[in-house]
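Colleague: Here it is, the structure in full.
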Amino acid sequence: MRPVSYSRVADVATAIGTVAADPDSTFLAGGTTEVDLQRIHVARSKRLVDINDLPLRQVEELPGGGVRIGAVARMSDVAQALPVRRRFPMVSEALLLGASPQLRNMASIGGNLMQRTRCGYFRDVAAPCNKREPGTGCAAMTGVNRGHAVLGTSEYCIATHPSDLAVALVALDAVVLTQGPAGHRQIPADDFYPMPGETPDREHPVAHGELVVAVEIPPLPMASTSNYLKVRDRESYEFALASAAVAVSLDAGVVTDVRLALGGVATKPWRARRAESVLVGAPATVESFRAAADAELADAVSHGMNAYKIELGRRTIVRALRTVTGDARMVSDDGNPP
Amino acid sequence: MRIDCVVNGEPRRADDVWAGESLLHVLRERLGLPGAKNACEQGECGSCTVYLDGKPVCACLVPAGQARGREVVTVEGLGDGDLHPVQRAFIAAGAVQCGFCTPGLIVAVHDLLARTPSPAEEEIREALAGNLCRCTGYEKILTAVRLAAGREHES
Amino acid sequence: MSPVLGAALDRVDGRAKVTGAARYSGELNLPNLAHAVLVGARVPSGRIIGIDCRQASVADGVLTVLTHLDLPRVAARPKLFPSLFGLTAHGQSFFPMQDDVVHYAGQPVAMVVADTVERAEHAATLVQVNYAETPSVTLLDQGRDQTYEPAKIFGGLLPGRNPTRGDPEAGLRDAAVRLDVTYRFAANHQNPIEPSTTTAVWDDLDRLTLHDATQGPTATQLSVAELLGLPPTMVRVVSHYVGGSFGAKALIWAHPTLAALAARRVGRPVRLVLSREQMFHSCGHREEQEQRIGLGADRDGRLGALRHDKTSLTSHYDDWAETSLEAPAVMYAAATYAGGYRLARGNTITPTFTRGPGAATGMFALESAMDELAYEIGVDPLELRLRNHTDVDPSTGNPWSSKGLRECYQRGAELFGWSGRDPRPGARRDGDWLVGTGMASAAYPVAAPMNPQRARARMYADGSAVVEAGISEFGTGALTAMTQVAADGLGLPFDRVRFVGGTTDLPNIAAAVGSAGSGATSSAVHLASTGLRDQLVGQAVADARSPLHNADPAGIVVRDGRMCLRDSPQTGETYVELLRRNHMPDVEALGVWQPTPPDGGGHGMFTFGAQFAEVAVDADLGLVRVRRLVGVFAPGRVLNRRTAHSQLMGGMLWGLGQALLEATRMDPHTGRWANASLADYLVPVNADVPDITIDTIEVPDSVVNPLGVKGVGEIGIVGTSAAIANAVHHATGRRIRHLPITVEDLL
């Protein structure tokens, strides 16, 4: 039997201290990634430190219109939380379009942000993978890569980041709050996910023993009519082939502000800054949307089976923008569309 | 390690549990409750759905230790002496075939109707999206949900 | 026939299944149970040059580690043979861990046995295997230049080339309209929700009991006995509940024998459960394949020629192709015909049955081609089918045992609202969605076992009866339907009859495969039940104390356990009265059905149906969503309307999966399936379900078997994918000639 130990901690300091002291340990929250990867021998931590009892479950409204979400809050609870639904519907939608109801009941927000890629070669310990075992190569380059990235790739890795939530958070300039042996840090969501470059094994800047304690979403009034579009083969319970989180502010038919981020097509939750810059000041027309999409995907690189994702990425951008501008919904006070 | 928890309303104990073991394994192999099924061990099929502190979860992804001191309800614990209306509806609607996905689905439907007594069609479909069934074509499962919700006239 | 036959009664196994009380093959808590875990080959081709089990052997809880170096040799080389025929039914002509050769990735190379499954799984990761890898062929494209025409396929039962009719080359050459199109199919895996499982128990007299998830308990018994060199008397198989199969458990693969060998080695009961990933390379699959169709027709669409060729990948040692040509060969009245199989050898387990074997792909090809022809000549697709309808089996000229296809077309068209369809592609729009409709014919052969099928009926003095046959219940509803058949035959109320299956102790029935299970079992059950009824009636007639003394047995009917004169119902007595008066505790009869010969004694035997689909295609995003499906089938007699409709509906959803989702993708570099999980091998979920309408046309059939049962397990999937693809064409104008149709095809 593989040596594994399990312990529960009740306060953040103990959690951090316990994990920091043992390089073979890891935090355990919802378990939906960690237990899965343990079972297929990709994750090999020997000590699981259960952080579910930590007082990090709250979803709080921040003054000025922001929201703070505790790291062990459940996906299902956050998706239903009124402040989130009212102020940032794209976050609620991204959560509800992810995984299945059972998994959403288990998975934590911190765990969602830290989840590992679904690349089949990463998950197959017999296959070369620079992310799992640096220097072994990337089997996905010439392999079955229908689900792989076309943006942000390197010659070392083309795996997509699987989180829907992170796409919304990157669009919203959310900040990830951590606490570790070295103290507190605030990391912008976009910086939380480095490009793979030559080191795809470095998936985030969180040090061993450092704990994600919360996510803060700053105020963004236009996000109250935001939208998360997820394109996938089947109607539910599948990772995105392409997705877009979008919020737009219009004045007399002209885009005055926009937030756009993409999932499913990139190695990280992808803030579409090129598209945003094309859009600001442009009329909210399909032509503008297409120009923005073309700009964003201009440098996309495909590797065979995923060639379709370049065009799908463009069309997903256009559709998401059309949806949020064309039939931008009014949202009532209880968070429900009227 | 020792696991003490409440299962289907009764205090239960399992000793010498390996920390890498799942709640599903504890239920099936140690507590004699094989109702929740072991079909993918990766949280992908929903066959192992049980309540953990009142929320349906995939028991295959719950480390045994997480169940310590908590309350678990499995398909075996839903009927109160007799069949629960959800169980009756599954039989009456013909929503049962090979039966391997059935216990997980019954727990998921039980939870759906507890939260939303009269769910809309879209709510049913999404609420059950995590429970794969290979036999029925799902349609009869939707009928069973409507039946259990007292909306059989719509089916 | 009494109203019990065909009635939509509740499943007799429903309560056990909704309460979690039903026990499947891996759910027996036996004292001292040990657990076996297989280690699969990491490479698809080569030799094992070193295998180090030292670490695994000393890991906590490990009882033994077996490899090709120390696993006992099996007593016979297995030979692939379909289980329908009641004999040994090995899934492939290869048994692993007998030498150092690796034929395919995932092939078992070691087996770890430990006291708990978690410990066995861990120790399995410690087995170090070194390979000398050799080049592999895992894709059809890699083997394309070395294909061959097999002399026989399907375990040697069918020729590699179908009998040619007339001169199809001339027929094609001379046709006013010609079509030559090729369709490609991804490999598919059955993915029953229950993984294959065997629990093996040896008793102190060296007798083996296997609790096995199987479609045929006897098939498991005979196959394992042969490999172990035991007489079948020493092997007993128990299989009450099976969590789905769809072909994965139709033939007998290595794991039951491996479990038995492991149990013998450790002297304890052993459970072996395949992991979900192992399910992708341990029980066969629907092979990757390509089918080329040539159609020649006159301007009105009447077929003068049909040419149908299939090329697919098989294993190193078996000539297997699913029989895709059989149904299309007899579907229409084409004057000339040619069709054959070509195979390429590859590094794969032998492919096997997957729901709707053969017909699900073959009829996709034919029915897609027919739709293309309909558009080519400007004829309504349904009208084109009617113009080519045939009242005889065109391969022999023999009459059909029954057909009902015209009625299926008509009823389906009504239910769907086909008439008045605007044929123009891309003409209907609903917001971002293009909407289209399509249809297809369905046909599936009515197969029957060759060996006698048996069931036993016993009535007790209280008038209750138990009827037994050695079948397993894997979701079809057989336990319920057979209870109905028995109640009907005995003239008893449904709740006075118990049907028992699930062990090889009971009268022998062949494996329930190829939709033949209900026909075979119902025949034996019907004959046993009516035989017992006739025996009791005979006894009453001969009994001077019976009110029926000296009556003509032909004039006696039985209702609710009471025998009476048809013309004078007040004259009669109950079974109970007869049995008690004669001090008989019980009475028993064996029913034996000698199946119809394979040619139906001069009849073509197929089940037919008609499929209709409405799809919506998001033309920008490439998404296809099926809105409506209508399927009408003529499956002979329906034994239980509810369970039969469930089977058909499940089949149609499989067709939806085949059309739009299901593909097992091979990585030719690693030689392994790249999506061997339920997260990555997409099957339909609840949210994908369209509005499905099903109806059945019950055409009497006195040829196929005593009750005229043609089966419902397969026909539901056949044609669904073609109807959907044809609807995609109607919606978009794009003809996609491969399955599944996914986003990238429609951008």
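Colleague: Taking amide hydrogens as modeled 1.01 Å from N in the peptide plane, which residues meet the under 5 Å criterion relative to C:GLY591, leaving out close sequence neighbours?
Modeller: Under 5 Å from the amide H of C:GLY591: C:ALA455, C:ARG456, C:ALA457, C:ALA528.
Colleague: Let me ask another. For a bin width of 5 Å, list the pair-distance distribution of segment C:668-747 built from all Cα-Cα distances, rounded to whole %.
Modeller: Binned Cα distances yield the sequence 3, 9, 13, 16, 16, 14, 11, 9, 6, 3, 1.
Colleague: Just tell me which lysines come within less than 19 Å, Cα to Cα, of B:LYS140; anything on the same chain fewer than 8 places away is out.
Modeller: Straight-distance partners of B:LYS140: C:LYS17.
Colleague: Neighbouring Cβ atoms within 10 Å as the yardstick, rank A:ASP24, C:ASP100 fewest first. Walk me through the numbers on the way to the answer.
Modeller: Details: A:ASP24 13, C:ASP100 17.
Exposure proxy ranking, most exposed first: A:ASP24, C:ASP100.
Colleague: Rounded to the nearest 500 deg cm²/dmol, what is the calculated helix-only ellipticity per residue at 222 nm for chain C, with -39500 (n - 2.57) per DSSP H run of length n ≥ 4? Before the final figure, lay out each step's value.
Modeller: Working: 17 runs with 180 residues, N = 747.
Theoretical 222 nm ellipticity from helices: -7000 deg cm²/dmol.
Colleague: Same structure, new question: Please work out the ratio of the alpha-carbon Rg of segment C:10-58 to 2.2 N^0.38 Å and round it to two decimals.
Modeller: For segment C:10-58, the normalised Cα radius of gyration comes out at 2.06.
Colleague: Shifting gears a bit: Can you grab the distance from the C-alpha centre of segment A:294-314 to the C-alpha centre of segment C:101-174, Å, no decimals?
Modeller: Taking the Cα centre of each part, segment A:294-314 and segment C:101-174 sit 35 Å apart.
Colleague: Also, I was wondering about something else. Which shape class applies to chain C: rounded if a/c is under 1.5, otherwise prolate when a/b exceeds b/c and oblate if not, where a ≥ b ≥ c are the square roots of the Cα gyration tensor eigenvalues?
Modeller: oblate
Colleague: For segment B:8-142, state the semi-axes of the equivalent ellipsoid (square roots of 5 times the eigenvalues of the alpha-carbon gyration tensor), sorted largest first and rounded to whole angstrom.
Modeller: Gyration-tensor ellipsoid for segment B:8-142: 25, 15, 14 Å.
Colleague: Once you order the gyration tensor axes a ≥ b ≥ c over the Cα atoms, which shape class does chain A get: rounded for a/c under 1.5, otherwise prolate or oblate by comparing a/b with b/c? Write out the running numbers ahead of the final one.
Modeller: Details: a/c = 2.00, a/b = 1.26, b/c = 1.59.
Cα axes put chain A in the oblate bin.
Colleague: Here's something else I'd like to know. Given labels modelled 7 Å from the Cα in the Cβ direction, how far is it in nm from C:ALA333 to A:VAL301?
Modeller: 6.2 nm
Colleague: What fraction, in whole percent, of alpha-carbon pairs in segment A:225-326 exceed 20 Å separation? List each step's numbers first, then the result.
Modeller: Values: 1629 of 5151 pairs.
Above the 20 Å cut-off, segment A:225-326 has 32 percent of its Cα pairs.
Colleague: Moving to a separate point now. In deg cm²/dmol, rounded to 500, what helix-only [θ] at 222 nm does chain A give when every DSSP H run of at least 4 residues adds -39500 (n - 2.57) and the total is split over its residues?
Modeller: Numbers: 12 runs with 95 residues, N = 338.
The helix-only estimate for chain A comes to -7500 deg cm²/dmol at 222 nm.
Colleague: Would you give the gap between the C-alpha center of segment C:1-75 and the C-alpha center of segment C:415-491, rounded to a whole Å?
Modeller: That distance is 29 Å.
Colleague: Taking neighbour Cβ counts within 10 Å as the exposure measure, how do C:ASP432, C:ASP552, A:ASP36, C:ASP393 sort from fewest upward?
Modeller: C:ASP552, C:ASP432, C:ASP393, A:ASP36
Colleague: Let me ask you something else. Run the quick spin-label model on A:MET222 and C:ALA176: label points 7 Å from Cα toward the beta carbon, then report their separation in nm to one decimal.
Modeller: 6.3 nm
Colleague: Using a 10 Å cut-off around each Cβ of peptide A:90-102, what is the average number of partner chain Cβ atoms that fall inside?
Modeller: Whole-number average of other-chain Cβ neighbours for A:90-102 is 4.
Colleague: OK, next. Rounded to whole Å and sorted largest first, list the principal axis extents of the Cα atoms in segment C:449-593.
Modeller: 47, 28, 25
Colleague: Tell me the volume per residue, in Å³, of the convex hull enclosing the alpha carbons of the protein assembly as shown.
Modeller: It is 173 Å³ per residue.
Colleague: Which percent, to the nearest 5, of DSSP beta bridges fully inside chain C are antiparallel?
Modeller: 75 percent
Colleague: Roughly how big is the protein assembly as shown's charge dipole about its Cα centre, with Cβ charges of +1 (Lys, Arg) and -1 (Asp, Glu), in debye to the nearest 20? It would help to have the intermediate numbers written out before the result.
Modeller: Numbers: 120 positive and 137 negative charges, 162 e Å.
Dipole magnitude for the protein assembly as shown comes out near 780 debye.
Colleague: If you don't mind, there's one more thing I want to ask. Mind giving me the nanometre distance, one decimal, between the label points for A:VAL12 and C:TYR317, set 7 Å out from Cα along Cα→Cβ?
Modeller: 6.2 nm
Colleague: Among the lysines, which fall within straight-line cross-link reach of A:LYS230, defined as a Cα-Cα distance under 18 Å, with same-chain neighbours fewer than 8 residues apart omitted?
Modeller: A:LYS268, A:LYS309
Colleague: Take each complete run of DSSP H in chain B, measure how far its Cα atoms stretch along the helix's own axis, and keep only those covering 15 Å or more with mean Kyte-Doolittle hydropathy at least 0.0; list them. Spell out each step's value before the answer.
Modeller: On the way: long enough: B:102-115 (20 Å, 1.00).
Sorted by number, the helices that extend far enough and score high enough are B:102-115.
Colleague: Only sites in a loop by DSSP and with at most 13 other Cβ atoms within 10 Å count here; which GluC sites (Glu not before Pro) in segment A:47-145 make the cut?
Modeller: Details: sites: A:GLU60, A:GLU61, A:GLU93; in loops: none.
Sites meeting the loop and neighbour criteria: none at all.
Colleague: Let me ask you something else. What length, rounded to one decimal in nm, is gained on full extension from C:VAL58 through to C:THR164, with 0.36 nm per residue of separation minus their alpha-carbon distance?
Modeller: Taking C:VAL58 through C:THR164 to full extension adds about 31.9 nm, to one decimal.
Colleague: Which one, A:VAL318, A:VAL280, A:VAL254, is farthest towards the positive end of the dipole of segment A:225-326 when Lys and Arg carry +1 and Asp and Glu -1 on their Cβ?
Modeller: It is A:VAL318.
Colleague: Find the Cα radius of gyration of segment C:210-336, compare it with 2.2 N^0.38 Å by division, and give the number to two decimals.
Modeller: In units of the globular-protein estimate, segment C:210-336 measures up at 1.52.
Colleague: Note the per residue figure in Å³ for the convex hull of the C-alpha positions in segment B:3-77. All intermediate terms of the calculation are to be shown ahead of the outcome.
Modeller: Numbers: hull volume 5.3 nm³, N = 75.
Hull volume over Cα atoms, normalised by residue count, gives 71 Å³.
Colleague: Next question. Between beta-carbons, use under 14 Å as the cut-off and find the net charge around C:PRO445, counting Lys and Arg +1, Asp and Glu -1.
Modeller: Every neighbour counted, the sum reads -4.
Colleague: At each listed q (0.23, 0.28, 0.30 Å⁻¹), what is the log10 of I(q)/I(0) that the Debye formula gives for segment C:462-520 modelled as equal alpha-carbon point scatterers?
Modeller: At q = 0.23, 0.28, 0.30 Å⁻¹ the computed log10 ratios are -0.92, -1.20, -1.29.
Colleague: Using +1 at the Cβ of each Lys and Arg and -1 at the Cβ of each Asp and Glu in the protein assembly as shown, identify which of C:SER196, A:ALA43, C:THR361 lies farthest towards the dipole's positive end.
Modeller: C:SER196
Colleague: Related question: Say the dipole of chain B comes from +1 at the beta carbon of Lys and Arg and -1 at that of Asp and Glu; which of B:LEU33, B:ALA114, B:VAL72 then lies farthest toward its positive end?
Modeller: The one lying farthest along the dipole's positive direction is B:LEU33.
Colleague: Cross-link partners among lysines for C:LYS310, C-alpha distance below 23 Å, same-chain residues fewer than 8 apart left out?
Modeller: C:LYS152
Taken together, the values in this text are just the output of simple stated rules run on the coordinates, not laboratory data. On a predicted model such as this, the values are computed, not experimentally measured, just so you know. Backbone-built Cβ (ideal geometry, glycine too); neighbour counts: all protein chains shown.
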